[in-house]
Amino acid sequence: MLKNLVDDELVARGVVVDTSICEHFPYTRQDLYHMAQVSEVKSFDDMLSAHGVGRGCDICKPAIGSIMASLWNEHILDSKHVGLQDTNDTFMANMQKDGTYSVVPRVAGGEITPQKLIVLGSVAQKYGLYTKITGGQRVDLFGARLNELPDIWRELVEAGFETGHAYGKSLRTVKSCVGSSWCRYGVQDSVAMAIRLEERYKGLRSPHKLKSAVSGCTRECAEAQSKDFGIIATENGWNLYVCGNGGIKPRHGDLFATDLDDATLIKYIDRFLMFYIRTADRLQRTSTWMDNLDGGIDYLREVVIEDKLSLAAELEAQMAHIVQTYVCEWKATLEDPKKLQRFRQFVNSDEPDSGVVFVQERQQIRPARPEERLHLVAVGD
Ligand code: SF4
């Protein structure tokens, strides 16, 4: 925000602002994306030697790591990519304030069988994890130590779970209400559509996280208008909203198209997402991207619906590639002993990290506060 503020002020004063992503690449993220695509660059090192200088930094490395993932969909822990990843991606889990991690398996559309719920409960009990229902309609398991992550995931994968990408700048969840199957007001099967969309876009890496929701009628119980792409059922099909956001600066999504059939809805979302991935700045949510898009929603309609740039087939083909090459990152990691070697707290010891201290609260664990730690050390606990 501060950078944008300063840049805007400089531009207003007539100063030319350098829009390069960082000192190592004299290009914008959009430039780098297209250069990588056209030249089929598949690693940061090749990108640096062809188009950059120096060794890279914590700005260009994750940005190019994200571009590589969006374009080629290779495993983020492959040796040529792992050094580019942000903290959470590095271990495919979300690091918490005490250095432990949380684990979030995918629960597409928020629909889960009793048997899978039991598995989550059993795994949480076995490893002593704190459990919390998330805003994205899934279950977050907190308090896992780094070395426990593979064991926890082995049990989850064997039970049919996949990674939920809660750690990635990628599709998170597609929430849904119960829709026409159960609700007296529902006009379409919102759960089935949410599952279909989440299964289609899972693993899609993007400039920032992506959230979605599907509501079964205009009462909007799934809050679809606050999502990057949100769908609301109508009696004739689906209304599509784009570029909504909760978070620090809430924004209602713009109504993009109305009364779409299933195939057209998915075709438009494919094109919309890929166009965003191609053209957004690093760490730019769809809402900010829309606010900065010349021509705004009308221009986006021209690109996505009218195919003004003759890009539609290419955008769809690129999405098809991502869908076809999807693999669960955790399942693939469990099958690769080299990747598993990373999941150690210490390189020279198998002892657990004594710095991790939990206390009990409301029948579950939570990280000890500093004063509680001092007390526990004093009484020798
Ligand atoms: S959005 Fe409509 S269909 Fe969905 S739960 Fe609410 S009232 Fe029912």
### Message
Please verify whether GLN324 is at negative phi, surrounded by 14 or more Cβ atoms within 10 Å (Cβ to Cβ) and at pLDDT 95 or above, treating the condition exactly as stated.
### Response
no
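From the set of residues in region 233-257 that are in contact with a Gly (Cβ under 7 Å, 6 or more places away or on another chain) and in a strand (DSSP E or B), which is farthest from VAL191 (Cα to Cα)? Before the answer, list the steps.
Pass one, region 233-257, residues in contact with a Gly (Cβ under 7 Å, 6 or more places away or on another chain): 233, 241-244, 251-253.
Now drop any that are not in a strand (DSSP E or B), which leaves 233, 241-242, 251.
Values: ALA233: 11, TYR241: 17, VAL242: 19, ARG251: 24 Å.
Ranking the qualifying residues of region 233-257, first place goes to ARG251.
Let me confirm something: among LEU2, LEU84, LEU48, which residue is closer than 15 Å to LYS169 by Cα and not charged (D, E, K, R)?
Values: LEU2 fails: closer than 15 Å to LYS169 by Cα; LEU48 fails: closer than 15 Å to LYS169 by Cα.
After applying the criteria, what remains is LEU84.
Residue-by-condition table, conditions (1) of a type in the set (Val, Ile, Thr); (2) under 30 Å from GLU158 (Cβ atoms); (3) within 21 Å of the chain's Cα centre (by Cα); (4) surrounded by fewer than 18 Cβ atoms within 10 Å (Cβ to Cβ):
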| site | (1), (2), (3), (4) |
| --- | --- |
| ARG13 | no, no, no, yes |
| ASP18 | no, no, no, yes |
| ASP58 | no, no, yes, yes |
| ASN73 | no, yes, yes, no |
| SER102 | no, yes, yes, no |
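Condition first: within 16 Å of the ligand (Cβ to nearest atom), outside any strand (DSSP E or B) and modelled with pLDDT of 95 or more. Can you find one or more residues in region 166-178 that meet it?
If we filter region 166-178 for residues that are within 16 Å of the ligand (Cβ to nearest atom), which is where we start, we get 174-178.
With outside any strand (DSSP E or B) added as a condition, the list becomes 177-178.
From what is left, the residues that are modelled with pLDDT of 95 or more are 177-178.
Checked region 166-178: at least one residue is within 16 Å of the ligand (Cβ to nearest atom), outside any strand (DSSP E or B) and modelled with pLDDT of 95 or more.
Going through region 198-232 one residue at a time, which ones are within 16 Å of the ligand (Cβ to nearest atom) and either surrounded by fewer than 21 Cβ atoms within 10 Å (Cβ to Cβ) or assigned to a helix (DSSP H, G or I) (or both)?
CYS217, THR218, ARG219, GLU220, CYS221, GLU223, ALA224, GLN225, SER226, listed by residue number.
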### Query
Does region 141-172 hold any residues that are within 21 Å of the chain's Cα centre (by Cα) and open to solvent by 20 Å² or more (accessible area, probe 1.4 Å), and which are they?
PHE142, VAL157, GLY160, GLU162, LYS169, ARG172
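Does VAL53 satisfy the condition of being assigned to a loop (DSSP other than H, G, I, E, B), more than 22 Å from the chain's Cα centre (by Cα) and within 20 Å of ILE322 (Cβ to Cβ)?
Details: assigned to a loop (DSSP other than H, G, I, E, B): yes; more than 22 Å from the chain's Cα centre (by Cα): yes; within 20 Å of ILE322 (Cβ to Cβ): no.
It is false that VAL53 is assigned to a loop (DSSP other than H, G, I, E, B), more than 22 Å from the chain's Cα centre (by Cα) and within 20 Å of ILE322 (Cβ to Cβ).
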#### Entry: Every residue from region 117-161 that is closer than 24 Å to GLN345 by Cα and among the acidic types (Asp, Glu)
ASP140, GLU148, ASP151, GLU155
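The values are calculated or read from the model by the stated rules, or taken from the named source; none is laboratory data. Note that this is a predicted model, so its numbers are computed, not measured. Counting neighbours? That spans all protein chains shown, and the Cβs are built from the backbone with ideal geometry, glycine included. These area figures cover heavy atoms from the full protein model, side chains too; ligands, DNA and RNA do not enter into them. Shrake-Rupley method; radii C 1.70, N 1.55, O 1.52, S 1.80 Å.
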